[in-house]
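Here's the structure we're looking at; comments come further down.
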Amino acid sequence: MIVDIVEIDPMVYKYAREYFGMPEPRHAFLEDGRGVIERADDAAYDYILHDVFTGGSVSKRLFSLEFIREIRRVLKPDGVLTLVGCRDTD
């Protein structure tokens, strides 16, 4: 399995590698996911897991219709997008 990882927080990436058995990625992008998607080739991915904690510090642009369309552009025709998130309900 070939995996690319996008994570804006280097500590989250570090902990995922050390404690959660995340596989060795082909590429690790420690930056905002939107830039990575905008630079990606068309139909580059079989599967994208869009897992964003929304406790107030995540850019709303990661959930915009335009961004979802960009994700669709980089998915293969039979590719799958999984949206995972949690939000502060207070």
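Read the figures in this text as sums done on the coordinates, not as results from a lab. The shown structure was predicted, so the numbers you read here are calculated from the model rather than taken from an experiment. When we count neighbours, we look across all protein chains shown, and the Cβ atoms used for this are built from the backbone with ideal geometry, even at glycine.
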Rounded to whole Å and sorted largest first, list the principal axis extents of the Cα atoms in the chain. 36, 32, 20
PRE reach from D32 (point 7 Å along Cα→Cβ): which of segment 1-26 fall under 18 Å by backbone N? 6-10
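Please report the relative contact order for segment 1-75, taking Cα pairs under 8 Å with a sequence separation of at least 6, and give it as a percent rounded to a whole number. Display every interim value, and only then the final one.
On the way: 67 pairs, mean separation 23.8, N = 75.
Value for segment 1-75: 32 percent.
How large is the helix-only mean residue ellipticity at 222 nm for the chain, computed as the sum of -39500 (n - 2.57) over DSSP H runs with n ≥ 4, divided by its residue count, in deg cm²/dmol to the nearest 500?
Working: 3 runs with 27 residues, N = 90.
Computed mean residue ellipticity for the chain: -8500 deg cm²/dmol.
Where Lys and Arg each count +1 and Asp and Glu each count -1, what net charge lies around E7 among other residues with Cβ under 15 Å from its Cβ? It would help to have the intermediate numbers written out before the result.
Working: positive: K14, R17, R26, R34; negative: D4, D9, E18, E24, E31, D32, D51.
Counting the neighbours of E7, the net charge comes to -3.
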All other residues with a Cβ under 11 Å from the Cβ of A44 taken together, and with Lys, Arg as +1 and Asp, Glu as -1, what is their net charge? -1
Charge sum, other residues only, whose C-beta stays under 14 Å from V80's C-beta, Lys/Arg counted +1 and Asp/Glu -1: -1
So who's got an amide H within less than 5 Å of the one on V6, skipping anything under 5 residues away but keeping other chains? H placed 1.01 Å off N, in plane. F29
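Quick one: length gained pulling R39 to I2 fully straight, 0.36 nm per residue minus the C-alpha distance? All intermediate terms of the calculation are to be shown ahead of the outcome.
On the way: separation 37, 0.36 × 37 = 13.32 nm, distance 1.83 nm.
Computed gain between R39 and I2 is 11.5 nm.
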Label model pair K60, D78: point-to-point distance (7 angstrom along the Cα→beta-carbon line) in nm is 3.9 nm
